[in-house]
1. Using 5 Å bins from zero, what percent of all Cα-Cα pairs in region 212-259 falls into each bin?
2. So with the 1.4 Å probe, I'd like the accessible area per residue for the chain, rounded to whole Å².
3. When a/c is below 1.5 the answer is rounded, else prolate if a/b is larger than b/c, else oblate, so apply that to region 143-234 with a ≥ b ≥ c taken from the square roots of the Cα gyration tensor eigenvalues.
4. Using a 1.4 Å probe on the protein heavy atoms, what percent of the accessible area of the chain belongs to carbon and sulfur?
5. Take the Cα gyration tensor of region 83-242, multiply each eigenvalue by 5, square-root it, and list the three semi-axes largest first, rounded to whole angstrom.
6. Which of the helices in the chain, when you take each full DSSP H run, stretch at least 27 Å along the axis at their Cα atoms and have an average Kyte-Doolittle score of 1.0 or higher?
7. Any chance you could list P(r) for region 36-172, counting all Cα-Cα pairs in 10 angstrom bins from zero, rounded to whole %?
8. Bin all alpha-carbon pair distances of the chain at 5 Å intervals from 0 and give each bin's fraction as a whole percent.
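The values are calculated or read from the model by the stated rules, or taken from the named source; none is laboratory data. What you see is a predicted model, and the numbers here were worked out from it, not measured in a lab. Surface areas here come from the heavy atoms of the whole protein model, side chains and all, with no ligands, DNA or RNA. Shrake-Rupley method; radii C 1.70, N 1.55, O 1.52, S 1.80 Å.
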Amino acid sequence: MHSAIARARLSKAVIYFILILFSFIMIVPFAWMILTALKTNQEAISVDPFYIFPANGWHWENFGKVWESYNFLILYKNTLLMILFRVICACLTATMAGYAFGRLRFPGKNLMFALVLVQMMIPAQIFIIPQYLMVSKLGLLNTVTGLVFPGLVTAFGTYLLKTGYQGLPKDLEEAAAIDGCNVGQRFLRIMMPLTRSSMVSLGIFTALFAFKDLMWPMIVCTRSETTTLAAGLAKMQGQYGNDYPTMMASAVLALVPMIVIYLIFQKQFVEGIATSGGKL
C-alpha cells in the first residue's frame, strides 16, 4: 500500500519536474529578448565576458529609440484592425458554410466540400498573385481592407465548423422544425449558439495567423503608415542591421498587443484550445 502511494508520488513529482523544465525552456527566449533589449550593443554581442544581465545599468532608451523611429501606435492600430476584421469575417463565413456542409442537403455538396479540402492542401503562397491582382484592381492597396482580403473566407474554418455541426444531435433540429422554425431560424437560434467553442477556437487560430502574417502585408501595404507589426519588424531589421538591443526592443513592443489580448481573453483561449483539441 505504502509502496504504491510512494510510486504515485514519485511519478507525479517526475511529471511536475518535466513540465517545469519545459516551461523554463519556453520562457528563456522571451527573457533573453527582454534582457538584450536593455543592454548596450557591445554587451549584447560580447562573448568574453558573456553578459546575462546588463553590466552598466538598464538601457530603457532602446525602447524610446524604436518608438521614435516607427509610429508604433499606427502599427498597433493596423494590426489590431486586421485581426479584428479577419476574425469576424472568418467566423461569420465559416459558420454559415460549415452549417450548410454539415447539416443541409443540396446538389453538388460533396464536390464543393472537396474543393474546400483541396484549398487546405495547396500552399497559401500560390494564391498571393491572384489575390494581389484582385486587390489592385479594386483599388485596395495600402488599406486595411486590402490586409483583411485573404481572410474573408477560410477553408480551415469551414472544415472546423462543419465538424462541429456534425457533432450535434439531429433531435435538436427536428424538434425545432416541429415547432415551426425554418432553416434560418434553426441555424441562428438553435445550432449556431451550440458551436460557440468551435468559433472561439477558429477566432484564436485566425488571430494568431493574422498576427504572424508577414508576406501579404509586405506585398499589399508598402507604406509605413499602412503596414502591420510583422512587416514593420522586417523593415526595422534592414534599418538597424546588427543593432541587436534595438531589434529586441522592437520585438518586445510588437508582442504587447497579443499579450494584452491573451490577458483579456485568457479564459476563452484556454477553452477554445481545450475543446478543439488543437495545438498552437
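1. 5, 21, 30, 23, 18, 3
2. Accessible area per residue: 61 Å².
3. Since a/c reaches 1.5 and a/b is larger than b/c, the shape of region 143-234 is classed as prolate.
4. 69 percent
5. Those come to 37, 16, 13 Å.
6. Helices meeting the criterion: 2-37, 72-103, 244-264.
7. Going from the shortest bin to the longest, the percentages are 10, 23, 22, 16, 16, 9, 3, 0.
8. That works out to 1, 5, 9, 11, 13, 12, 12, 10, 8, 7, 5, 3, 2, 1, 0, 0, in percent per bin.
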